[in-house]
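The values are calculated or read from the model by the stated rules, or taken from the named source; none is laboratory data. Since the model is a prediction, treat every value here as computed from it, not as a measurement. Ideal geometry is used to build each Cβ from the backbone, glycine not excepted, and the neighbour counts take in all protein chains shown. Surface accessibility is based on the protein's heavy atoms, side chains included, excluding ligands, DNA and RNA. Shrake-Rupley method; radii C 1.70, N 1.55, O 1.52, S 1.80 Å.
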Amino acid sequence: MTNLPFVQVDAFADAPFTGNPAAVMPLGQWLDDATLQAIAQENNLSETAFAVPTPDDPDADYALRWFTPALEVKLCGHATLASGHVLMGGHTAVRFRTRQAGVLTVSRDRDGYALSLPSWAVEPKPLPALAPAMGGDILETHWREGGYAIFVYPDAAAIRALEPDFATLQKAGDIMLIATAPGEDSDIVSRVFVPGAGVDEDPVTGSAHCLLTPFWAKRLDKSKLTAYQASRRGGRLGCRLSGSRVILTGACCTVIEGNFLL
């Protein structure tokens, strides 16, 4: 039997049981992919992050991968923030080498952390196969290659009222479906659905704000935004556009520490 350290963290959370829970599992070396996927399925959280030290990499401290209960994802913001919370120790920052998103950095920021992510643009595009299943009064639809869709709604009330048809959306595959509108007590509000990756609704989604930050920064003519993701758990993020990067800020709370028995 092998004991693997396990830490469950609520990310983008000011208190336990808010934000988005992620499992963080530091490893000495990589396990095979089938085992990583089975562990993520057992954890049954939106993401499990696995980190392995990279002493020979001058630009990163760890290699990082993320798995939902169904598959490996290209980028996960909240589980990266959680990994920084667990692995930073006495340092001021920790760097993660990822397979498809480059090097991501988590650094200390007042009482929380700042996460540097890529800034991704979207283009207007009709999405007739997806929009009806999202429901509500959609004003615009936008798309980014790789499986990212933005649906613009008139206001926060429309976002909160959404009841998507997950069975239909799941058939479209691994697409991140982002519903957004101007906020009430924040600049922007959103909800995020990824049924094709085994996550009907994600509580707080850092990677969605790689798209939402430049999208709304241009429309609102401001480089710093406040964001609220209106899931049942809810979560608040600070968003800043910095050249080709998006800087997200938020706090983390550790809620479980233990060992996974493999």
| query | Where a Cα-Cα gap under 16 Å defines reach, which aspartates and glutamates qualify for K218, not counting those fewer than 8 residues away within the same chain? | reply | E123, E140, D187
| field | Charge sum, other residues only, whose C-beta stays under 11 Å from A157's C-beta, Lys/Arg counted +1 and Asp/Glu -1 | value | -2
| message | Rolling a 1.4 Å sphere over the protein heavy atoms, what is the accessible area per residue of the chain, to the nearest Å²? | response | 44 Å²
| request: Would you please state the base-10 log of I(q)/I(0) at q = 0.12, 0.13 1/Å for segment 15-125, with intensities from the Debye formula using one equal scatterer on every alpha carbon? | output: -0.42, -0.49
| said: To test your reading of the geometry: what angle, between 0 and 90 degrees and rounded to tens, separates the Cα axis of helix 209-220 from the longest principal axis of the chain? | reply: 40 degrees
| Using modelled amide H (1.01 Å from N, peptide plane; none on Pro or chain starts), what sits under 5 Å from the amide H of A63, excluding residues fewer than 5 places away? | V52, T54, R97
| Residue-level accessible surface for R219, protein heavy atoms, 1.4 Å, Å² | 110 Å²
| Please state the relative contact order of the chain as a whole percent: Cα pairs under 8 Å, 6+ residues apart? | 23 percent
| Accessible surface of the chain [probe 1.4 Å, protein heavy atoms]: carbon and sulfur percent | 49 percent
| task | Compute the acute angle (0 to 90°) between the alpha-carbon long axis of helix 77-87 and the principal axis of greatest extent of the alpha-carbon atoms of the chain; round to the nearest 10°. | result | 20 degrees
| query | Which order, highest average first, do 200-206, 84-90 follow once you tally other Cβ atoms within 10 Å for each residue and take the mean per peptide? | reply | 200-206, 84-90
| remark: Charge tally for neighbours of S83 with beta carbon under 13 Å away, counting Lys, Arg as +1 and Asp, Glu as -1, is +1
| query | Which value at 222 nm does the chain reach when only helices count, each DSSP H run of 4 or more adding -39,500 (n - 2.57), with the total divided by all residues and rounded to the nearest 500 deg cm²/dmol? | reply | -5000 deg cm²/dmol
| note | Nearest 10, in degrees from 0 to 90: the angle of helix 33-43 to the longest Cα principal axis of the chain is 70 degrees
| request: For segment 186-262, give the magnitude of the charge dipole about the Cα centre (Cβ charges: +1 Lys/Arg, -1 Asp/Glu; no others), in debye to the nearest 20. | output: 380 debye
